[in-house]
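Scroll down for the structure; my scribbles are underneath it.
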Amino acid sequence: MKSVADPAGTRKQRWEREVVEPTLRKSPERKGPFTTISGRPIDRLYTEEDVEGLDDTNNPGEFPYVRGIHPTGYRGKLWTMRQFAGFGTPEETNQRYKDLIAAGGTGLSVAFDLPTLMGRDPDHELCLGEVGKCGVSVMSLADMERLFEGISLADITTSMTINSPAPMIFAMYLVVAEQQGADWKTISGTIQNDILKEFIAQKEYIFPPRPSMRLITDIFAFCAKEVPKWNTISVSGYHIREAGSTSLQELAFTLRDGLEYVQYGVDAGLDVDDFVPRMSFFFNSHSDFFEEIAKYRAARKLWAEAMKNRFGAKNPRSWALRFHTQTAGVSLTAQQPYNNVVRTALQALAAVLGGTNSLHTNSLDEALALPTKETATIALRTQQIIAHESGVTNVVDPLGGSYFIEKLTQDMIDGTLKYWDTIDGMGGMVEAIERGYPQKELAEASYQFQQAVERKEKIIVGVNDFIQADEKPIEILYIDDTASGVQLKRLAELKQTRDNDRVRRSLAALQEVARGRGNTMVPLLECVRAYATVGEMCDTLREVWGEYEEVPVI
Amino acid sequence: MSQKIRVVIAKPGLDGHDRGAKVIARALRDAGMEVIYMGLRQTPEMIVAAALQEDADVIGLSILSGAHMHICPRIMALLKEKGLDDVQVVIGGIIPGVDIAKLNAMGIHGIFLPGTPMQHIIDYIAAHARARV
């Protein structure tokens, strides 16, 4: 290979001069811009010159895991096909889970409704029209019992998308497992439990950042002893991306959130290797195919190096970043919705080529409503086709060594480290959030993207080009207010029939621990057993810690 | 010089997905309107009180959670009660087709579904905001 110092230039420079330039004179390139969906400029060609000096000693299953955490990739075990679902009453969602299991789904994933996510009982004024709409309503242990009726928690892993009230919902799950006779030492699953991205992106926060961080480290400590196979947190970039970040911002902020949790855990007196192996991640898979694959590869290397070098982790399981992926809901269009099957398939393929450990594929109707049973099945089939027909699972990290992929991976790593320097300079992610830094970055990126769409620099098929005037509406799932009526009636009945003295005592005990320094999971388990509601438990803590109010950034 | 159109943008209900509301708020501001961005978790009462206090010509709601058929009637009733019938209410979000006629019947005609160009929303508001004197 010619060195850059050679007067004739490098091989790529010579090629550009002697081959590309004459071609461009005859037939210019399309107008462009040739950028990723995140606005990153892309060269027309990548060669060995772009990957000079890159570490090429990486192997799957070895530090720093850029090529994957398992030596055998998907030859050993396919990713978990985990479809997120929930709506209406616990009984309705229980039936959807049984359908998904019967269709070959290999893990459950619970979507809760907004009142549950916000720690409010359905009779609160802000819950008007929200009960059972975006997910399933779970008010108390009684609902959790209904949700998993006939499903053996010893035999299936469950992911629960719950953040502010994660300790309460997790406690309910543990009590149902106990009722079924399942051993806490062997059950497995995931709670999202990632409050930092709520402040940054999804905004389902209750308490201010610092007490919220304490609830999370309480779970780390509790699980390390009591529920050792549980994934205590799913540090999430998904929502950051959906809220408008670039691919790089998703990667940088998510991993920096992860570092913040590790730091808080260490500060709370935990040993890194006792809780980091149970941390997992959750990324988006958006439409820019190669950029997304590079993101996953970069994530593994960044995390492994940070755990080893920044925190001195010694256990390889602390270094190995495991992640779930969901295809990008925000990329789906209400127009010509069948096109969404194709978008989702490409995004799912990117996640698989990036080595995801589990995957949710969105349904074609999700820009319009929650999915029907039929569209949810097509989404699952999409994964099964990739897994069993495409052949991509035969080989580990099939794109490793591609000049383009390796260069993009390195660019993602370099860009992330720059963001980390900025955030470290502010004192950490909690401090950066308090001053609105990631929020401003997202607001800016989402506005820039929307403007690029308006100018047609970015084409969205069926939305700003290739528009079809005579579209017929498709049938969607319409969620009425039946669940709200059922749940409100149940709430009133529950308050009549349970032992209210026990509820009061348990809530008082919770408040006492919250004011002091004990682990909040212990009194929460007793509140749950007494059938205290999510709203009551959260209100008890609101009295101690207050509620977070953001300063909006536009 | 004609007075700027005054728009209150709010997210009622519990949903926190504010990307659309914020992008629209900024686009309307860049189009020369006066935008009062209220942010998240606003009750109908809070929104109507803000519209009154801010002398708003337009209320823009962003609802993605499916709660619109509860929130919108309440807001329309409160506006009537306060004598603010001439304030235009527009809504953006995920609104099933079957609800659109019902919202129209309440007096909400600016209903913007996913994929609507920002310019279309700006033009609609400019054309339909109550006349300022």
Alpha-carbon centroids, region A:169-248 and region A:404-421: separation in whole Å: 28 Å
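What order do A:507, A:417 take when sorted by accessible area (1.4 Å probe), most exposed first?
Numbers: A:507 30, A:417 75 Å².
Listed by decreasing accessible area, they come as A:417, A:507.
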Net charge of Cβ neighbours under 12 Å - reference residue A:334; Lys, Arg +1; Asp, Glu -1: -3
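For residue A:229, what charge total do you get from the other residues with a beta carbon under 14 Å from its beta carbon, if Lys and Arg give +1 and Asp and Glu give -1?
Working: positive: A:185, A:225, A:278, A:317, A:322; negative: A:155, A:183, A:226, A:274.
So the surrounding residues net to +1.
When only the heavy atoms of the protein chains count and the probe is 1.4 Å, how do A:203, A:77 rank by accessible area, highest first?
Sorted by accessible area, descending: A:77, A:203.
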Theoretical FRET efficiency, 1/(1+(r/R0)^6), r = Cβ-Cβ of residue A:499 and residue A:123, R0 30 Å, to 0.05: 0.90
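What FRET efficiency do you get for residue A:469 and residue A:77 if R0 is 56 Å and r is their Cβ-Cβ distance, rounded to the nearest 0.05?
0.75
Below 8 Å, C-alpha to C-alpha, sequence gap of six or more: please give me the relative contact order for region A:73-454 in percent. Numbers along the way, then the final one.
Working: 664 pairs, mean separation 61.9, N = 382.
Value for region A:73-454: 16 percent.
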Residue-span extension gain [residue B:4 to residue B:85] - 0.36 nm each, minus C-alpha spacing: 27.2 nm
Percentage relative contact order, chain B, counting C-alpha pairs under 8 Å, at least six apart: 26 percent
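Between the DSSP loop rule and a limit of at most 16 other Cβ atoms within 10 Å, which chymotrypsin sites (Phe, Trp or Tyr not before Pro) in region A:433-508 are left? Don't jump to the answer; show the numbers that get you there.
Values: sites: A:447, A:449, A:466, A:478; in loops: A:466, A:478.
Answer by residue number: A:466, A:478.
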Part-to-part distance (alpha-carbon centres) for region A:509-550 and region B:17-67, which is given in Å: 33 Å
Backbone HN-Hα couplings from phi across region B:7-21 [Karplus 6.51/-1.76/1.60, Hz, Gly and Pro as x]: 10, 9, 10, 9, 10, x, x, 9, 5, x, 6, 10, 4, x, 4
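Express the carbon and sulfur contribution to the solvent-accessible surface of region A:422-554 as a percent, rounded to the nearest whole number, probe 1.4 angstrom. Present the calculation step by step, with values, prior to reporting the outcome.
Working: 3540 of 7150 Å².
Carbon and sulfur: 50 percent of the exposed surface of region A:422-554.
Mind ranking A:481, B:15, A:501 by accessible surface for me, highest first, 1.4 Å probe? Could the numbers behind the result be given before it?
Numbers: A:481 65, B:15 10, A:501 90 Å².
Largest to smallest exposure gives the sequence A:501, A:481, B:15.
At R0 = 25 Å, how high is the FRET efficiency between residue A:403 and residue A:27 if r is their beta carbon distance? Nearest 0.05 is fine.
Values: r = 24 Å, r/R0 = 0.98.
Working from the Cβ atoms, E equals 0.55.
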Heavy-atom accessible surface that B and A bury in contact, both chains counted, 1.4 Å, Å² to 100: 3200 Å²
Amide proton proximity set for residue A:159, modelled H, under 5 Å, gap of 5+: A:108, A:109, A:110, A:190
Ellipticity estimate at 222 nm from DSSP helix runs (n ≥ 4, -39,500 (n - 2.57)) divided over the protein assembly as shown, nearest 500: -14000 deg cm²/dmol
Built amide H within the under 5 Å cut-off of residue A:62, gap 5+: none
From phi via Karplus (6.51, -1.76, 1.60), per-residue ³J(HN,Hα) for region B:119-126 in Hz, x at Gly/Pro: 4, 5, 5, 4, 5, 4, 5, 4
For A:548-554, mean number of other protein chain Cβ atoms within 10 Å: 5
Restricting region A:122-224 to chymotrypsin sites (Phe, Trp or Tyr not before Pro) in coil, as DSSP defines it, with at most 16 other Cβ within 10 Å: A:184
Amide hydrogen neighbours beyond the local backbone of residue B:37, cut-off 5 Å, H modeled: B:9
Residue A:29 - accessible surface, heavy atoms, 1.4 Å probe, Å² rounded to 10: 90 Å²
Simple spin-label estimate for residue A:8 and residue A:390 in nanometres, 7 Å along Cα-Cβ: 4.2 nm
Per residue value of the accessible surface for the protein assembly as shown (all protein chains in place, 1.4 Å probe), Å²: 41 Å²
Point-to-point label distance, residue A:44-residue A:102, nm (Cα→Cβ direction, 7 Å offset): 5.7 nm
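Which of A:418/A:458; B:80/B:102; A:185/A:225; A:197/A:456 have a Cα-Cα distance over 20 Å?
On the way: A:418/A:458 27 Å; B:80/B:102 17 Å; A:185/A:225 9 Å; A:197/A:456 30 Å.
From the list (A:418/A:458; B:80/B:102; A:185/A:225; A:197/A:456), the Cα-Cα distance tops 20 Å for A:418/A:458; A:197/A:456.
Round to a whole number: what % of the accessible area of region A:194-262 belongs to carbon and sulfur, probe 1.4 Å?
Numbers: 580 of 1090 Å².
So the carbon and sulfur contribution to the accessible surface is 53 percent.
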Per-residue SASA entry for residue A:251, accessible area with 1.4 Å probe, Å² rounded to 10: 0 Å²
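Do any GluC sites (Glu not before Pro) in region A:36-75 lie in a loop, going by DSSP, with at most 13 other beta-carbon atoms within 10 Å of their beta carbon, and if so which?
Values: sites: A:48, A:49, A:52, A:62; in loops: A:52, A:62.
When the GluC sites (Glu not before Pro) of region A:36-75 are filtered for loop state and at most 13 Cβ neighbours within 10 Å, A:52 remain.
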Solvent accessible area, Å² - residue B:62, 1.4 Å probe, full protein context: 20 Å²
Residues listed by number, region A:77-96, amide nitrogen under 20 Å from residue A:492 label point at 7 Å toward C-beta: A:89-90
Part-to-part distance (alpha-carbon centres) for region A:482-506 and region A:347-391, which is given in Å: 38 Å
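The values are calculated or read from the model by the stated rules, or taken from the named source; none is laboratory data. Since the model is a prediction, treat every value here as computed from it, not as a measurement. Quick reminder, even Gly has a Cβ in these numbers, built from the backbone with ideal geometry, and neighbours come from all protein chains shown. The protein model used for the area step is the full one, side chains on, heavy atoms only, and it has no ligands, DNA or RNA in it. Shrake-Rupley method; radii C 1.70, N 1.55, O 1.52, S 1.80 Å.
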